[in-house]
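Below is one structure, written out as structure tokens; comments come after it.
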Amino acid sequence: MTENPQVAELAARFWDELLELYPTVGTFIGDERFDDRLPDPTEAGRAREATVLQGGLDTSAAIDRSDLDGDDQATLDILDALCRRYLEKLHSRIDRLEVSNHLYGPGTLLGELSALQRADTPERLDRYERRLRAFPTYLAASEEVAREGVATGVVAPRVVVERSVGQLDRILALGVDDSPGMTPLGGATTDRERIADVLRDEVLPAHERFRDVLRDEILPHATESIAVSALPGGDEMYAAEILGWTSLSLDPREVHRIGWERFESIQEERRVVASALGFTSAAEAIAAHTASGANTADTPEALVAMAEDQVRRSWECAPSFFGRLPSANCEVRRVEEFREADSPFAFYNPPTEDGTRAGVYYINAFDLHDRALHHIASVTYHEANPGHHFQIALEQEAEGRPPLRRFGASGAASSFAEGWGLYAERLADEMGLYLDEWERLGMLDNQAHRAARLITDTGIHAFGWTRDRAIDVLEQAGQTHTDSVIEVDRYIGMPAQALCYMIGMIEIEQARDAARSREGDAFSVRDFHDRVLAQGQLPLPSFRRTFGIG
């Protein structure tokens, strides 16, 4: 509960200003006030963004913090971290790279909105139509940002631009009737015809022009190097992204060392499990399991059904480890086919504030023969229960906290969020959720994968590693070739994001060890989990202060 009136006023005003700047964030959480708008990538838009962010930082700095309670302090910590992160992005002009990104660039936005926005009332339909009509202006401005990148030598790596072009090709190939832009509509014929006309006349031609710019103007200048540090100002960009994603100023060399240390420790755990299964190595065990046919789903529907069973069992088991659960379980959906080739194995979208859209755990059925079933359980427990669904849904349901805390903290506390997801994979073992040693091996594979992320992200962006070398390390961690390729291309396109997971989990582990040391026999892991999730997402310096570590 925010008690200080200055903090309350700043948090409320700043949140509204953020949603105006980033209107799709509102759509993501179910705040529909700005559902008729798209972001403004122009120079004027960036200037407005800088004014809002610097204003928030200055107002926060003027507040006397000597008598603030923990909640108010955390609110200001989150606001400050958000402002600093996005001001650094503006200063470093990361947008010149993001404009060509296949994971969250402008070419992905139509597909993302199709899964989130509602157009089931006349008012919502009007807002949706206005937003669709904004795409030509938005994409044209994005094209200019991309051209600025060419002029300044800041262009995304070839593999990233190629993936973006391919994704746009697939969206355009769907045509109007099957376009993701039709997804938010109900069955009313007149509504469908109305939106189909907008897609046909404005939206898809704008996407075609944007695709052509990426293919014909940007791709010829795309870098063969995959390291952000190889670009003009690249070292500063990487430092800004490390701070933005982890909320800590970390030396890439130290991160690289921690990655190898954790990787070797987990590899030993994998060898122990493989031996219990009758094999001399984890690689031998996985190869035999895959060759038997037992490690592959026959159909996408079977993959989804497996995830649904894991979500149900984890929900039923949770009360022994958590005193408070979200008000509702999450749903499981398959990643849409038009974006599955470029998407991670799984991800989570939170529920809306009003509960009309449930939290959704997405699982990817692309290249099904190369999707290892023994990995799915730990992925489910990371993305759904007791991972992101518990962490995010409980945060959104926290009464009395400003929306900035309940919905905006993810932009400032990615490392806490992903650290909790990774911690949840290990916790699932304590909860008895893994059905056999194969699933436990899958959990360890995925833990090794996150340690390998520390190695490969810093290897790529600080030490000049090749794409093949990074893929090889992920395969050593037990990942399939398909997943390793998709993951490495993700690290190339999102410098430092891969560092969030293991860095955040280490902080949560340290907090648990510190609590157990202080409380002795009175320590309750159930109470510890409730305390951690009750705080919501925090930048790691704030988390350290709250839990007395570091």
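The values are calculated or read from the model by the stated rules, or taken from the named source; none is laboratory data. Because the structure is a prediction, the values reported are computed rather than measured. Positions of Cβ are generated from backbone atoms using ideal geometry, with glycine treated the same way; all protein chains shown enter the neighbour counts.
Counting just the residues of region 241-293 that are over 22 Å from the mean Cα position of the chain (by Cα) and assigned to a loop (DSSP other than H, G, I, E, B), which one comes out nearest to Leu540 (Cα to Cα)?
Looking at the filtered set, the residue picked out is Asp251.
Could you give every pair whose Cβ atoms fall below 7 Å, whose first residue belongs to region 320-334 and is of a type in the set (Lys, Arg), and whose second residue is surrounded by fewer than 20 Cβ atoms within 10 Å (Cβ to Cβ), counting only separations of at least 6 or pairs across chains?
Filtered contacts from region 320-334: Arg324/Leu394; Arg324/Asp530; Arg333/Val360; Arg334/Pro300; Arg334/Val304; Arg334/Ala365.
Filtering region 487-538 down to residues that are surrounded by fewer than 21 Cβ atoms within 10 Å (Cβ to Cβ) and of a type in the set (Asp, Glu), which residue is nearest to Ser249 (Cα to Cα)?
Ranking the candidates gives Glu509 first.
Quick one: would you say Gly70 is surrounded by 13 or more Cβ atoms within 10 Å (Cβ to Cβ), at pLDDT below 95 and not hydrophobic (A, V, I, L, M, F, W, C)?
On the way: surrounded by 13 or more Cβ atoms within 10 Å (Cβ to Cβ): no; at pLDDT below 95: yes; not hydrophobic (A, V, I, L, M, F, W, C): yes.
So Gly70 does not fit the description; no.
Of these, Glu301, Glu340, which one is at pLDDT 95 or above and among the acidic types (Asp, Glu)?
Answer to the check: Glu301.
Within region 338-383, which residues are aliphatic (A, V, I, L, M), over 30 Å from Glu162 (Cα atoms) and either in a helix (DSSP H, G or I) or assigned by TED's automatic domain parsing to the domain that holds Thr108 (or both)?
Matches in region 338-383: Ala377 only.
Go through the residues of region 115-134 one by one and say whether even a single one is of a type in the set (Lys, Arg), surrounded by fewer than 20 Cβ atoms within 10 Å (Cβ to Cβ) and free of Cβ contacts under 8 Å to residues at least 12 places away in the same chain.
No.
Restricting attention to region 515-541, which residues are within 21 Å of Ala398 (Cα to Cα), in contact with a Ser or Thr (Cβ under 8 Å, 6 or more places away or on another chain) and in a helix (DSSP H, G or I)?
Arg526, Gln535, Leu540
Of these, Val379, Val360, Val311, which one is in contact with a Cys (Cβ under 7 Å, 6 or more places away or on another chain), over 27 Å from Leu174 (Cα atoms) and either among the aliphatic types (A, V, I, L, M) or in contact (Cβ under 8 Å) with a residue 60 or more places away in the chain (or both)?
Residue meeting the stated conditions: Val311.
Restricting region 423-448 to residues that are touching a Gly at 6+ places or on another chain (Cβ under 7 Å) and within 19 Å of His256 (Cα to Cα), which is surrounded by the fewest Cβ atoms within 10 Å (Cβ to Cβ)? Break it down into steps so the answer makes sense when it comes.
Step one: list which residues in region 423-448 are touching a Gly at 6+ places or on another chain (Cβ under 7 Å), which gives 424, 445, 448.
Keeping just the survivors that are within 19 Å of His256 (Cα to Cα) gives 445, 448.
Working: Asp445: 22, Ala448: 25.
Result: Asp445.
Just for helices (runs of 4 or more DSSP H) wholly inside region 13-101: which have at least 2 residues that are outside the structural domain of Gly111 (by TED's automatic domain parsing) and over 30 Å from Arg118 (Cβ atoms)?
none
Hey, can you tell me all the residues within region 176-196 that are touching a residue at least 12 places away in the same chain (Cβ under 8 Å) and either more than 17 Å from Leu116 (Cα to Cα) or in contact with a Ser or Thr (Cβ under 7 Å, 6 or more places away or on another chain) (or both)?
Selection gives Val176, Asp177, Pro180, Gly181, Thr183, Pro184, Asp191, Arg194, Ala196.
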